[in-house]
Structure formats: C-alpha cells, structure tokens
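Report on the following structure.
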Amino acid sequence: MSTRVPADSLVGRVILSTRFQPGVVVGVGLFASLLIPLCVLVGGPVILAALPLIGVTALADSSYTLLAARSTSLSRRVLVLEPLAARLSEAAWLLALWFLGAPGWAVAVTGALCWMYVLTRNRARQVGLRDLGMTTMGERSVREVVVALGFGAAGVIAVAGGGQYERWIGGAVTIASTAWMLLAALGLLQLVIVVSAALRND
C-alpha cells in the first residue's frame, strides 16, 4: 500500500517520532477494522463508530508505509502478514456492509475484484514494475473513502431515519457497495492497461 504523507510533513514527523514498529501499526489497523462488523450488529448510533475505526485503519496504513520505508530491520514476517491484514480488513468492511443489507453478490464480486487488483499489482512488481506511474480508482485509499461514506450514511439514517430506517440503510449500503465494486472494476482495468503497455515488448 502507498502513502501520501511526506516524511518531512508535520504528520510524517509525528508518526516517525512515535517509534512504533511497523508490525504494531499493522495490528492496530486490523483490530480497528475487525471491530466494525460488531458495531453494525449493535446497530443504531453505534454504526457511526465505524467512521473513526476506518480513520484509525487509514492512519495505520500511512504509518506502516512511512515506518517501513525508514526501518532498517523490517522483519520478513511483517512483510508477509501485512497484505493479509489488509485483505482481512477489507473483508470485515464487506461483511459489515452485508450485515446492513448490501446484496451478497455485490459484496462477493467486490471482494474478488479487490483480490485480483492486489494480485495483479504484486505480480507486476515482482517482474520489475516497481513504479507503475499512476494512481488508479482501485487504490486502498479510495476503498476507505467509499466505505466510510456508506457507513456514515447508514449511521445517520439509523439515528434519524424513523420507522423505515432499515430499508433506507439497506439502500445506502447497497449504493456504497455498488460504487466500491464499480471503482474496483475500473481500477483493475486501468492497472491491466498500464501493465500490458509496460510489458508490450515481452
């Protein structure tokens, strides 16, 4: 995953000053994401707790990338487990959307598209394409924004929606999951086009 937090910025300096190990921030981000399905199961205003939890995960993502870049002793175990933690986080978001009423097929397709996107990008890096030269619609940061908007809308509706709030919540998370699915598909298409162009002469 990538970060837009420069090391010499105020946020970057604060992150580096904490001296947390990269593995610690990966664990914090995963733990925050795993709490989200529990929040939506409780329902009502508690759904809004998903927003700061996603914020914690997003901050952990940026912190990991910055700390890993500056670390001189990054363990191989962390390198292996970090992508797994990221996929488990996204699975927790999708599970929470499904709990709130998103269609199961949309959740499953979205998860598959995200998996294919990450697999394609990792394979491209393995063959030497370290810098693909573009940011696609399938980036992790885009997923975080879309799912946060979905949970935010669901939480507001749960608080003020009235007697039909369950149907409205289902509609809100269906829109969010569909938007995530479409962005993931477009991001995968962008990535495939860039990789194909870069490997045209192979």
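The values are calculated or read from the model by the stated rules, or taken from the named source; none is laboratory data. As the structure is a prediction and not an experimental result, all values here were calculated from the model. Cβ: placed from backbone, ideal geometry, glycine included. Neighbour counts: every protein chain shown.
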Exercise for the section: Could you tell me whether any residue of segment 143-150 is at pLDDT 85 or above, within 14 Å of the chain's Cα centre (by Cα), assigned to a helix (DSSP H, G or I) and more than 21 Å from ALA85 (Cα to Cα)? Expected result: yes
Exercise for the section: Determine whether segment 141-163 contains at least one residue that is of a type in the set (A, V, I, L, M), free of Cβ contacts under 8 Å to residues at least 12 places away in the same chain and out of contact with any Phe, Trp or Tyr (no Cβ under 8 Å at 6 or more places or on another chain). Expected result: yes
Exercise for the section: Taking VAL156 as the residue in question, decide whether it is under 23 Å from LEU51 (Cα atoms), at pLDDT 90 or above, surrounded by fewer than 22 Cβ atoms within 10 Å (Cβ to Cβ) and aliphatic (A, V, I, L, M). Expected result: yes
Practice task
Taking LEU38 as meeting all but one of (1) part of a helix (DSSP H, G or I); (2) buried (at least 18 other Cβ atoms within 10 Å of the Cβ), write down the number of the exception.
Solution key: (2)
Problem - Qualifying position, being touching a Ser or Thr at 6+ places or on another chain (Cβ under 6 Å), closer than 21 Å to LEU149 by Cβ and modelled with pLDDT under 95, among SER62, SER33 - result: SER62
Completion exercise
Those residues of segment 172-189 which are more than 18 Å from the chain's Cα centre (by Cα) and touching a residue at least 12 places away in the same chain (Cβ under 8 Å) amount to ALA172
Practice task
Filter segment 188-202 down to residues that are over 15 Å from LEU113 (Cβ atoms) and either touching a Gly at 6+ places or on another chain (Cβ under 6 Å) or β-branched (Val, Ile, Thr) (or both) and give me whichever is modelled with the highest pLDDT.
Solution key: ILE193
Problem - Scan of segment 181-202 for residues that are out of contact with any helix residue (DSSP H, G or I) (no Cβ under 7 Å at 6 or more places or on another chain) and part of a helix (DSSP H, G or I), ordered by number - result: LEU182, LEU186, LEU189, GLN190, ILE193, VAL194, SER196, ALA197, ALA198
